[in-house]
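Take a look at the structure set out below.
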Amino acid sequence: MESLQVQVQVQEENILIEKVCQIYEKLSKLETLKPSKDVDNLFTQLVHACIPHSSINIANLPANIQEIRSKLIRLCGEAEGLLEAHFSTILGSFKNPLHHLNIFPYYSNYLKLGRLEYDILNQHYSTTSETPKRVAFVGSGPLPFTSIVLASYHLKDTTFHNYDIDSTANSMASRLVSADHDLSKRMVFHTADIMDVTDELKDYDVIFLAALVGMNMDEKNKVIQHLAKYMAPGAILMLRSAHGARAFLYPVVDPNVLHGFNVLSIFHPDDDVINSVVISRKFVEPVNIDNNYLHLDIGSLMASSCKYCDIQPFNHPLGHMKMIDESM
């Protein structure tokens, strides 16, 4: 019976890989990834192929498939940027763009992700103040939905500093909130490469790192270590990752590379929210971290002796989530 299950699993993974490779070939031949019927159809197929639960381990894929995956993630990143710029331009034409955010086809996903990240943050954020006062979002882009959603619905007294390397993206994003009396005061935009931002990083209680900042493991690790060097002790770092077949769409954050941080928990959504969420806290005191060991402290949610647990952390009204202790 076990042998049969393994055979079925391997067959399912092979079908998935073949489907993903076929879609990649079609995407790579397109003249542009700007929103169009062909682009939308192909990415819809790709998402539908990768969303269902899969036991596939991306790290075990052969080199040629790894190369296709890396190229596919870059295509996804390019297409996502073009899609956001397209809708940011449309939204910017309205008198009050924030009243029309639902024209973006994936706005409901951002509402779910914002609620998910807020609930996760709320479980682990501990300070003398009730909520974070200053939050940074690295890689905010032309359509900074996460900052807008959190500022509008969850962190209503918090100032959000949005960092993007693209000045045009920041101009488009700024225009979206300029007509709103409240958010125009609490949303600040900085055009900078985050690797050039140093002492200012100490000013933030929480820093969010966008999924597509650092398109491969080496690039992302460099950003993480830069943040570890300059963030304030005890500050929270929220990262977006991917799990299972969803790792064909976004880079994976390995919790074992978060040197200087205590990984608090990892959440793998199993609904239409694609990104996993990793929450970590910068160590208050400098410590020596063995590259092969990283302590996970997830408080009362999971016993410290639990390995590869799969539990419901809390009853979430917007979708079922899984929390997996992966690095103990």
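Considering segment 260-272, the residues that are over 19 Å from Val138 (Cα atoms) and assigned to a loop (DSSP other than H, G, I, E, B) include one that is least open to solvent (accessible area, probe 1.4 Å), namely Asp271. With respect to the stated conditions, His99 fails to be open to solvent by 70 Å² or more (accessible area, probe 1.4 Å) and either at pLDDT below 95 or part of a loop (DSSP other than H, G, I, E, B) (or both).
For segment 273-284, which residues satisfy the criterion of being closer than 11 Å to His243 by Cα and either open to solvent by less than 20 Å² (accessible area, probe 1.4 Å) or without any contact (Cβ under 8 Å) to a residue 60 or more places away in the chain (or both)?
Initial filter on segment 273-284 (closer than 11 Å to His243 by Cα): 274-277.
Listed by number, the residues that qualify are Asn275, Ser276, Val277.
Among strands (runs of 3 or more DSSP E) entirely within segment 146-211, having at least 1 residues that are in contact with a strand residue (DSSP E or B) (Cβ under 9 Å, 6 or more places away or on another chain) and open to solvent by 10 Å² or more (accessible area, probe 1.4 Å) singles out 159-164, 187-191. Scanning segment 33-58 for residues that are open to solvent by less than 70 Å² (accessible area, probe 1.4 Å) and either over 26 Å from the mean Cα position of the chain (by Cα) or farther than 20 Å from Val273 by Cβ (or both) returns Leu33, Pro35, Ser36, Val39, Leu42.
Is it fair to say Ser241 is buried (at least 17 other Cβ atoms within 10 Å of the Cβ), polar (S, T, N, Q), under 22 Å from Ser70 (Cα atoms) and in contact (Cβ under 8 Å) with a residue 24 or more places away in the chain? Spelling it out, Ser241 is indeed buried (at least 17 other Cβ atoms within 10 Å of the Cβ), polar (S, T, N, Q), under 22 Å from Ser70 (Cα atoms) and in contact (Cβ under 8 Å) with a residue 24 or more places away in the chain.
Being in a strand (DSSP E or B), touching a residue at least 40 places away in the same chain (Cβ under 8 Å), farther than 20 Å from Gln123 by Cα and open to solvent by less than 50 Å² (accessible area, probe 1.4 Å) is the requirement here; does Phe137 meet it? For Phe137, the condition - in a strand (DSSP E or B), touching a residue at least 40 places away in the same chain (Cβ under 8 Å), farther than 20 Å from Gln123 by Cα and open to solvent by less than 50 Å² (accessible area, probe 1.4 Å) - is not met. Filtering segment 1-32 down to residues that are β-branched (Val, Ile, Thr) and within 28 Å of the chain's Cα centre (by Cα), which residue is farthest from Phe87 (Cα to Cα)? Among those residues, the one meeting the criterion is Ile15.
From the set of residues in segment 68-93 that are of a type in the set (Ser, Thr, Tyr) and in a helix (DSSP H, G or I), which is most open to solvent (accessible area, probe 1.4 Å)?
Of the residues in segment 68-93, the ones of a type in the set (Ser, Thr, Tyr) are 70, 88-89, 93.
Narrowing the set further to residues that are in a helix (DSSP H, G or I) leaves 70, 88-89.
Working: Ser70: 56, Ser88: 1, Thr89: 79 Å².
Once the filter is applied, the top-ranked residue is Thr89.
Being touching a strand residue (DSSP E or B) at 6+ places or on another chain (Cβ under 9 Å), more than 28 Å from Asn60 (Cβ to Cβ), open to solvent by 10 Å² or more (accessible area, probe 1.4 Å) and among the aliphatic types (A, V, I, L, M) is the requirement here; does Ala235 meet it?
Answer is no for this residue.
You will find that of Glu31, Glu25, the residue that is in a helix (DSSP H, G or I) and acidic (Asp, Glu) is Glu25 and no other.
Going by what's in this entry, would Lys202 be described as within 22 Å of Asp166 (Cα to Cα) and of a type in the set (Lys, Arg)? Please lay out each step first, then the result.
Details: within 22 Å of Asp166 (Cα to Cα): no; of a type in the set (Lys, Arg): yes.
Answer is no for this residue.
All conditions in (1) more than 18 Å from the chain's Cα centre (by Cα); (2) at pLDDT below 70; (3) open to solvent by less than 10 Å² (accessible area, probe 1.4 Å) hold for Met321, with the sole exception of (1).
Scanning segment 113-132 for residues that are of a type in the set (D, E, K, R), out of contact with any His (no Cβ under 9 Å at 6 or more places or on another chain) and touching a residue at least 24 places away in the same chain (Cβ under 8 Å) turns up nothing.
Kindly evaluate Pro132 against the criterion of being crowded, with 19+ Cβ neighbours inside 10 Å and within 14 Å of Ser178 (Cα to Cα). I'd like the intermediate steps shown before the answer.
Working: crowded, with 19+ Cβ neighbours inside 10 Å: yes; within 14 Å of Ser178 (Cα to Cα): no.
So Pro132 does not fit the description; no.
The values are calculated or read from the model by the stated rules, or taken from the named source; none is laboratory data. These numbers come from a predicted model, not from an experiment. A quick note on method: Cβ atoms are made from the backbone with ideal geometry, for glycine too, and the neighbour counts reach across all protein chains shown. Protein only, heavy atoms only, side chains kept; ligands, DNA and RNA dropped before computing areas. Shrake-Rupley method; radii C 1.70, N 1.55, O 1.52, S 1.80 Å.
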